[in-house]
There are 2 protein chains.
Amino acid sequence: MTDAAGPAITGFMEQALAEARAAAARGEVPVGAVVVRGGAVLAAAGNRTLELKDPTAHAEILALRAACRAAGSERLPGADLYVTLEPCPMCAGAISFARIRRLYYGAADEKGGAVDHGPRLYASPVCHHAPEVYSGFAETESADLLRGFFRERR
Amino acid sequence: MTDAAGPAITGFMEQALAEARAAAARGEVPVGAVVVRGGAVLAAAGNRTLELKDPTAHAEILALRAACRAAGSERLPGADLYVTLEPCPMCAGAISFARIRRLYYGAADEKGGAVDHGPRLYASPVCHHAPEVYSGFAETESADLLRGFFRERR
């Protein structure tokens, strides 16, 4: 990564956090994601499983689908995905199919994550494209958002 | 399963196969899926990743999303999913989130499957709902369709 990468990562992760906050305001699990290619945002989305009555409407899936629509292709080589939470198996799989180059995530998800926990999908022989993975960005803010959300629900 | 289950399974798997054949005719990887509840088909779909330019448009995802729209809920308790091929990590995850009761699949997928191969998702601690899994239905027809498709492409 170049010297300029640090501030850029912070900015895109801040945008993912804004999507997560907007999801919380809609009563959805607060996770947000941004797809970036060549320094430009292709798509950004927050979780909308309840609103859309769609179990696949995680932030990453919605952002990937919108980015593919924008790019006119079912693959996004050279694109990076920023997400506030470690992706689940479904999203980790979609990230692989979309040929995402780099995955930046915020908080680890010991109970539901599939990148550095559980199935560790990108190390599996059935995974045919693994992105480079960077984690721990905006970790505290990302985790606090989720904790606050679930605390209020209880 | 009751005595009537056998013919019913065969019928729904035949419908999934018809979706797979239709996918092949569209130039898509031939996989088909059907979601059933209370003996009625909620949704049926074939793979459309190329047509929709959507890496998440696998047969199972499209069938689950359509079934959720039909049911008006992001969860489908009591519903079963029939698919011609062992689901990948993305689809296996979506099946779990949708709370599918039983998964019936045709051919095993040693290279990309996540149910009985690779991550064996439903045995993973990060999987919070696992369907009952039955496999080997219409196995030969399902696998032959895929083999024929990829042979022609080469």
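The values are calculated or read from the model by the stated rules, or taken from the named source; none is laboratory data. Remember, predicted model here, so these are calculated numbers, not experimental data. Every residue, glycine among them, receives a Cβ derived from its backbone with ideal geometry; neighbour counts consider all protein chains shown. Remember, those area values only see protein heavy atoms, side chains included, never the ligands or the DNA or RNA. Shrake-Rupley method; radii C 1.70, N 1.55, O 1.52, S 1.80 Å.
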For the range A:48-94, give me the residue count where each residue is of a type in the set (Val, Ile, Thr) and free of Cβ contacts under 8 Å to residues at least 24 places away in the same chain. 1
Flagged in the range A:83-107 as closer than 19 Å to residue A:23 by Cα and open to solvent by 10 Å² or more (accessible area, probe 1.4 Å), in numbering order, are A:85, A:88
So, in the range A:76-122, of the ones that are small (Gly, Ala, Ser) and more than 10 Å from chain B (Cβ to nearest Cβ), which residue ends up farthest from residue B:127 (Cα to Cα)? A:78
Can you tell me how many residues within the range A:48-63 are farther than 17 Å from residue A:35 by Cα, facing another protein chain (nearest Cβ under 8 Å) and surrounded by fewer than 24 Cβ atoms within 10 Å (Cβ to Cβ)? 5
Residue that is nearest to the other protein chains (Cβ to nearest Cβ) [pool: residues in the range B:2-32 that are buried (at least 19 other Cβ atoms within 10 Å of the Cβ) and of a type outside the set (A, V, I, L, M)]: B:28
In the range A:1-59, what residues are farther than 19 Å from residue A:147 by Cα and basic (Lys, Arg)? A:37, A:53
Quick check on my filter: what residues within the range B:123-132 are within 14 Å of chain A (Cβ to nearest Cβ) and either surrounded by fewer than 19 Cβ atoms within 10 Å (Cβ to Cβ) or closer than 18 Å to residue B:17 by Cβ (or both)? B:123, B:125, B:128, B:129, B:130
Residue B:35 is checked against (1) among the hydrophobic types (A, V, I, L, M, F, W, C); (2) touching a Pro at 6+ places or on another chain (Cβ under 9 Å); (3) buried (at least 24 other Cβ atoms within 10 Å of the Cβ) and fails just one. What number does that condition carry? (2)
Looking at this structure, is residue A:115 among the aliphatic types (A, V, I, L, M) and open to solvent by 30 Å² or more (accessible area, probe 1.4 Å)? no
In the range B:101-154, residues that are touching a residue at least 40 places away in the same chain (Cβ under 8 Å) and part of a loop (DSSP other than H, G, I, E, B) total 3
Of these, B:73, B:142, B:135, which one is surrounded by fewer than 23 Cβ atoms within 10 Å (Cβ to Cβ) and away from chain A (no Cβ under 11 Å)? B:135
